[in-house]
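First the structure, in the form of structure tokens, and then the observations on it.
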Amino acid sequence: MTSSEDSMDQVLEVLKDEQRRLGIPDYELEHRAGIGSGSLSRIWTRRVTPSMDTLRKLCKALRVSVLAILALAEGSPEQYADHALINIYRDLSQYDRMITLLFARSLRDKDGPAAQRPGEQ
């Protein structure tokens, strides 16, 4: 198996895990993503390799960024967390965004910008 095949396997595993976490059946994800019936079965069993457009559609349907999926697949949870927060923030109302920013600033001011948590090095 080539490294690009390994990378695609990792990306697909992360997508499948997100689908499971959200409890979305294949037929519903296909509908949300606007891809053909039976497409996910062929993708999950690696009979076909999804195009970048299909990956983008699946990510959009799962409400996660392509960058977040790639970061997770590459084993970079910090990058994933950054993108996950951005996605959550985008969905907030203007009022909730303001409250979130105030809360984040209070945490930063309390601990300093680069404070380490217990157990971190």
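Points to keep in mind about this one:
- Residue in region 42-58 that is surrounded by the fewest Cβ atoms within 10 Å (Cβ to Cβ), counting only those that are closer than 18 Å to Tyr27 by Cβ and touching a helix residue (DSSP H, G or I) at 6+ places or on another chain (Cβ under 9 Å): Arg47
- Taking region 59-89 as the range and being surrounded by 15 or more Cβ atoms within 10 Å (Cβ to Cβ) and modelled with pLDDT of 85 or more as the test, the residues that pass are Cys59, Ala61, Leu62.
- Residue match in region 53-63 (condition: over 23 Å from Ile88 (Cα atoms), free of Cβ contacts under 8 Å to residues at least 60 places away in the same chain and over 15 Å from the mean Cα position of the chain (by Cα)): no
- Residue check, Leu15 surrounded by 16 or more Cβ atoms within 10 Å (Cβ to Cβ) and either touching a residue at least 60 places away in the same chain (Cβ under 8 Å) or among the aliphatic types (A, V, I, L, M) (or both): yes
- Enumeration of residues in region 92-111 that are surrounded by 10 or more Cβ atoms within 10 Å (Cβ to Cβ) and among the charged types (D, E, K, R): Asp96, Arg97, Arg105, Arg108, Asp111
The values are calculated or read from the model by the stated rules, or taken from the named source; none is laboratory data. Because the structure is predicted, anything quoted here is derived from the model rather than measured. Backbone-built Cβ (ideal geometry, glycine too); neighbour counts: all protein chains shown.
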